[in-house]
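See below for the structure under consideration.
The values are calculated or read from the model by the stated rules, or taken from the named source; none is laboratory data. Since we're looking at a predicted model, the values are computed, not measured. Note that each Cβ is placed from the backbone with ideal geometry, even for glycine, and that neighbours are counted across all protein chains shown.
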Amino acid sequence: MHLYYFSPKRLLEEEVPAKFAGGQFLMKTRLTKKDKKLLMSKGVSERSIQLILMTRVEKNESVVLRGGISRLEIPDMKRKLVVVRFSWLCERHFRFDASESLVSRWELIPPPAEQGRQEIDIDFISYWFPKRGKRLKMWTSVDEFCRFYKPGDPDNLAQSENDFIDPATVAEPAMQGAGSPVAAVNAERAVSA
């Protein structure tokens with residue numbers, strides 16, 4: 001059983017802004033352009049909505065964002081709000097490689113020209129600290145989940161020139177293992193060929 005927290009106070013007690021700065025962030029969402037009114041009614045900031053919507057969200061397709069955390073802030077102890085500022089931000093896509101196998105690929109999202117930086121407001125409901133405090137998992141007010149990884153976490157993406165590499169797919173291809181959605185698509189393509 002996990003110990004869940006609901007107050008921003010515990011985030012400060014655990015020194016989350018300092019411990020996770022320089023680490024990485026992951027967010028999975030299923031939002032569409034039609035959800036903009038819902039987001040605004042729940043108090044999600046306009047800059048967060050624009051960041052989510054600019055990633056080419058299709059209906060019922062989840063979007064996974066991953067970024068380098070340059071700064072974490074808890075601006076107001078009365079609100080359940082964490083502001084994440086990114087040094088870089090990627091979106092996960094699936095593509096066919098040269099052997100026509102479906103592979104996961106992280107594509108860099110350039111920062112908006114007018115701001116020059118990317119940041120997102122996380123309006124959270126609850127959170128907990130998996131891996132004995134080495135990570136932070138948070139649930140938002142619009143049914144998303146976010147993960148925060150400390151610097152040096154073995155699951156952090158590695159950057160090679162303009163490519164971002166998931167260590168799990170290099171060491172052990174988890175996304176292409178038996179029973180995964182990627183393996184199912186690859187098997188179906190092999191049969192039809």
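For segment 106-127, the set of residues classified as out of contact with any helix residue (DSSP H, G or I) (no Cβ under 9 Å at 6 or more places or on another chain) and either under 19 Å from Y149 (Cβ atoms) or modelled with pLDDT under 85 (or both) consists of W106, L108, P110, P111, A113, E114, G116, R117, S126, listed by residue number.
Of the numbered conditions (1) touching a helix residue (DSSP H, G or I) at 6+ places or on another chain (Cβ under 6 Å); (2) in a loop (DSSP other than H, G, I, E, B), D153 fails exactly one; give the number of that condition. Single failed check for D153: (1). Sub-6 Å Cβ pairs linking a first residue in segment 3-14 that is among the aromatic types (F, W, Y) to a second residue that is at pLDDT 90 or above, at least 6 apart or interchain, are Y4/S126; Y4/W128; Y5/Y127; F6/S126, ordered by first then second residue. Listed by first and then second residue, the pairs linking a residue in segment 70-85 that is without any contact (Cβ under 8 Å) to a residue 60 or more places away in the chain to a residue that is among the polar types (S, T, N, Q), with Cβ atoms under 6 Å apart and 6 or more places separating them unless they lie on different chains, are S70/S87; R85/S70.
Filtering segment 133-149 to residues that are surrounded by 15 or more Cβ atoms within 10 Å (Cβ to Cβ) and either closer than 22 Å to R105 by Cα or among the acidic types (D, E) (or both) leaves E144, C146, R147, F148, Y149.
Residue by residue through segment 112-132, note down the ones that are surrounded by fewer than 16 Cβ atoms within 10 Å (Cβ to Cβ) and either more than 30 Å from F6 (Cβ to Cβ) or β-branched (V, I, T) (or both).
Those that are surrounded by fewer than 16 Cβ atoms within 10 Å (Cβ to Cβ) and either more than 30 Å from F6 (Cβ to Cβ) or β-branched (V, I, T) (or both): P112, A113, E114, Q115, G116, I125.
At least 1 residues that are buried (at least 18 other Cβ atoms within 10 Å of the Cβ) and at pLDDT 90 or above in each: list the helices (runs of 4 or more DSSP H) lying fully within segment 1-82 that qualify. If you could, list the steps in order and put the result at the bottom.
Working: elements: 8-13, 16-20, 36-41, 46-53.
Answer list for segment 1-82: 8-13, 16-20.
The rows are residues; the columns are (1) more than 16 Å from Q159 (Cα to Cα); (2) of a type in the set (D, E, K, R); (3) assigned to a strand (DSSP E or B).
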residue	(1), (2), (3)
R92	no, yes, yes
A98	yes, no, no
P111	yes, no, no
I120	yes, no, yes
D123	yes, yes, yes
Y127	yes, no, yes
